[in-house]
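Below is one structure, written out as C-alpha cells, with a few remarks after it.
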Amino acid sequence: MESKYTRISFIFIVIFIISMIYTTLQLFSLQDELILGVSTLSTDDISELSSVLNSIYITVALSLIIGLIAILLNFKTDQETIGHQLSFSNNNSKEKSAEKLSATADEEQSNLDMSSIHQAIKSNSDKKDKHAAVLTAICNKVEAGQGAIYMVKDSKEERSIQLYTSFAFHIAENEALSFAFGEGLIGQVAVEGNTLNIDDVPENYINIVSGLGSASPRHLLITPLLKNKKVIGIVELASFTAFNKKEEAWIEEGLNLLVNAPAKKTAAESATKKNKTENE
C-alpha cells in the first residue's frame, strides 16, 4: 500500500512541475501577446504593464523554486527514512542471528556436560571397567562409531602402546594390538603428546562394522592420556562426522577426570585396612 501511494505522489509532483513550467512560459509570453493583440496601448501603458508583469514573473519563479526545493527535501527525507528502516531491519536480523547462534552454542554446551563422565567413573571400581565406561560415555556423547584406549607399557627393550579397552572395536580374542613409540599415528601422538584431529582419514584405514554392513569413517581423533604431563595412554575415536573444537576440549577434560579420579578400594583392601586399624 505504501508503494502505491508513493507512485501516486510522484505522478502528482511531475504534473505540478510541468504545470508550473508551462505557467511561467505563458506569463513570459503574455506581454508580447498583449502588445500584439491590443493596438491602442501607448508606450506608457506598455511600460506600466511590464512593471506589473515583472512582479508576477518574480512571484511565479520564486514559487517554482520553493516548490522544487520542497520536493527535493521531501524526496531526501523519504530516502533517509527508507535507509533507517533498512538499517534497523538489518540490525534486527543480525541481533536475531546472534541470539540464535548464542542459543545454539548454549544448547551445545549444556549437552556437553560432565555428568555422564562422572557417573561412569563413580559406578565402576575396577580400573579397566572404569576406562571402558568412560570410553563408552564419550563415544555415545560425540556419536563416535568406534573408540579405543591404549596404555603405555615400558619394558627393557622398548616402550610400546597396547590396546587396553575398546568400544565397537572388533579384534580377535587371541590377537594383541600394540604400537611402538613413533609407529603410526598412535605412536606419533605418544611421542609428541599432542592431539591429532584428522578430517580426511585414508580409505580402509579403519572400519566400523554394524548390522548394516561395513564402512570407513573419515574423521579421526587421537588424544593422549596425560598424568603429571606424562603420556600414560592414548585414546582413539573414529566417526563419520567431524569432531569440533568444543567436543575436542570436552573429550580432553573428560579424560583428565578419568586419569585423576581417585582409585576405589576393593572390599578386601577395605577389610585389611580395618583389621590393621583394630589391631593397632
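The values are calculated or read from the model by the stated rules, or taken from the named source; none is laboratory data. Everything quoted here is computed from the prediction, not taken from an experiment. Virtual Cβ from ideal backbone geometry, glycine too; neighbours counted across all protein chains shown. Ligands, DNA and RNA are excluded from the accessible area calculation, which covers all protein heavy atoms including side chains. Shrake-Rupley method; radii C 1.70, N 1.55, O 1.52, S 1.80 Å.
Leu255 sits with roughly 10 Å² accessible to a 1.4 Å probe, with DNA, RNA and ligands left out of the calculation. Electrostatic tally near Val231: other residues with Cβ closer than 15 Å to its Cβ, Lys and Arg +1, Asp and Glu -1, net -1. Set against the 2.2 N^0.38 Å expectation for a compact globular protein, segment 138-242 has a Cα radius of gyration ratio of 1.07.
Spacing of the modelled spin labels on Val60 and Gln162, each 7 Å from Cα toward Cβ, amounts to 11.1 nm. Value of Rg to Rh for segment 166-206, rounded to two decimals, is 1.00; Kirkwood radius and Rg both from alpha-carbon coordinates. Here the extension length gained between Ala249 and Ser125 equals 42.1 nm, from 0.36 nm per residue of separation less the Cα-Cα distance. The length gained by stretching the chain between Ala242 and Glu175 to full extension, at 0.36 nm per residue less their Cα-Cα distance, is 21.1 nm. A simple count of charges around Lys141, restricted to other residues whose Cβ falls under 11 Å of its Cβ and scoring Lys, Arg +1 and Asp, Glu -1, yields -3.
Ranked by the mean number of other Cβ atoms within 10 Å of their residues, highest first, the peptides 116-129, 142-155 come out as 142-155, 116-129. Length gained on full extension, Thr195 to Phe16: 56.9 nm, using 0.36 nm per residue less the C-alpha separation.
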